[in-house]
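See structure below.
Only the coordinates and a few stated rules stand behind these numbers; no lab work does. Just so it is clear, the model here is predicted, and its values are computed rather than measured. Positions of Cβ are backbone-derived with ideal geometry, glycine not excepted, and every protein chain shown enters the neighbour counts.
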């Protein structure tokens, strides 16, 4: 909204939401500021046995950075969490439970590398009301099973799109139950790569990417289409040149024929994790996206679509470690794609694939084999 010139600024505080604005204005708006407040965490019910005394570490933390577990003859004897406070410093939590126990290797979470605790799976004995084993998952890895074995009643703590920032539960001589506090995962906007001009577009963030269509020729990427999931329905966004696909009134504006690559994802079990591409700067100062290749959370990799030849070609990568690409933005003209950026968000670790496989692009009627 407005003109894209002058010095760019951003009003944002990680883990906060905007609740009001202030600034200066006379004839025009001269400055703009915002009031922020913490996002209220969601408290989930403690899962497990019904015995013990209640404990609560609270939710006034940025995240969890280390988990200490000890187990004994009846199951998990005690547990302790180290948290990152709002100032970014590590604080040791209290020990919950007191039974005779054996130390297990602590599970460490590298908060400096944007690693977040996303979920917990556990088992408890209904007769003794003691938790038997626990397993923790971050956006980058999964812990070993901590405790005894997978016996008893299974439970899980997890909220899609949210991270754990605190724990509560019940304990006496052993750990009886465990609950958690969740807040929405941070979203990162990755800078668009390519030309700083052309018509600006921004799909924002829906709930996940189901499919990507890439329309290209021997020179550049002509058009890109995303199919997103939103509340169980497919939302389509298309950017760049129009492509003849049987819809009345549409016409092909640029070079014909295009090759069409279709990347189908097993959503919600598979995500785009990385895009490798290139753009070319032409003598007339125009810049166009020349090639794109995709990687997914299941270890699948697509061929490179578009051109990898030519002078003045600049390579780029859209990627954030441990994160999924969940939305896209960029610039385009009536003829081709000029830049591409993405939104990234931490994701649960996918189940290990048997072997990394090749991600084939499926072609349309005017396409060619993408082997």
Could I get the Rg over Rh figure for the chain? Both from C-alpha atoms, Rh via Kirkwood, rounded to two places. 1.07
Based on the Cβ-Cβ distance from residue 317 to residue 60, what FRET efficiency comes out when R0 is 45 Å, to the nearest 0.05? 0.80
Label model pair residue 266, residue 39: point-to-point distance (7 angstrom along the Cα→beta-carbon line) in nm is 2.9
Where a label projected 7 Å from the Cα of residue 153 along Cα→Cβ would reach, residues of the stretch 44-74 with amide N under 19 Å: 44-55, 74
For the stretch 1-139, what is the largest minus smallest coordinate of the Cα atoms on each principal axis, given in angstrom and ordered from greatest to least? 74, 28, 23
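For the chain, what does the relative contact order come out to in percent, with C-alpha contacts under 8 Å and a separation of six or more? Spell out each step's value before the answer.
On the way: 990 pairs, mean separation 56.5, N = 371.
So the answer I get is 15 percent.
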Projected label distance in nm at residue 86 and residue 32, using a 7 Å step from Cα toward the beta-carbon: 2.6
What distance in nm lies between label points placed 7 Å from Cα along the C-beta direction at residue 197 and residue 50? 7.2
Taking 259, 145, 309, 175 and counting other beta carbon atoms within 10 angstrom, the fewest-first order is 309, 145, 259, 175
Let me understand the stretch 25-70 better: what is its radius of gyration from the alpha carbons, and its Dmax, in angstrom? 21.1, 66
